[in-house]
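In what follows, a single structure is set out as structure tokens and then discussed.
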Amino acid sequence: MPLSLTPDNILHKTLHDRFSTTRSSCERAMLALTLQAFSEVQVRRQETQSRVRELSLQVQRTESQIMRMHTHLFGTSRSSDSTLNASSLDKYSLADVRVIDTLNALLGGQESRLRATKEELALAEQRLATLVTAWATKF
């Protein structure tokens, strides 16, 4: 079954064909690095997609827990006006408020990991682009 004509497949075939036919050791070394970076990007894309799905589900669950706690404490979903004052502390447990703070911290960590995962992929793609550009302009 032939490969589909995606930009990635065309790039890989071009690099591989050139690697197979060139006699220049310098160009072969550059192409070997580029093909290695290409493989790394392919693997990272798959890992990133899986990790983003997993982290997105975790973020959704944490946001849902925060919304439920806000509804329990304040009778409404999360809003900027929902703050506890001295009179409402008698009605609500401080432990509930601590749980919301903990969930907010957890949510921040999950969102940070999500951003970091996407940034790792972007760096790998940038490295590949730099290598392809270097090869294309030098040879």
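Brief remarks follow.
- Here's how it looks for T22: its modeled amide H is under 5 Å from none belonging to a residue 5 or more places away or on a different chain.
- Rounded percent of accessible protein surface that carbon and sulfur make up, the chain, 1.4 Å probe: 56
- Based on protein heavy atoms only, the chain ends up with 68 Å² per residue of surface accessible to a 1.4 Å probe.
- When you restrict to C-alpha pairs under 8 Å that are six or more residues apart and normalise by the size of the chain, the relative contact order lands at 35 percent.
- Helix 7-21 and the long axis of the chain differ in direction by around 30°, with both axes built from C-alpha atoms.
- Expected-Rg normalisation [2.2 N^0.38 Å, Cα atoms] applied to the chain: 1.75
- Label point distance in nm, D96-T22, each placed 7 Å from Cα along Cα→Cβ: 6.7
The values are calculated or read from the model by the stated rules, or taken from the named source; none is laboratory data. These numbers were taken from a predicted model, which means no experiment stands behind them. Neighbour counts are summed over all protein chains in view; Cβ atoms, including those assigned to glycine, are modelled from backbone coordinates with ideal geometry. These area figures cover heavy atoms from the full protein model, side chains too; ligands, DNA and RNA do not enter into them. Shrake-Rupley method; radii C 1.70, N 1.55, O 1.52, S 1.80 Å.
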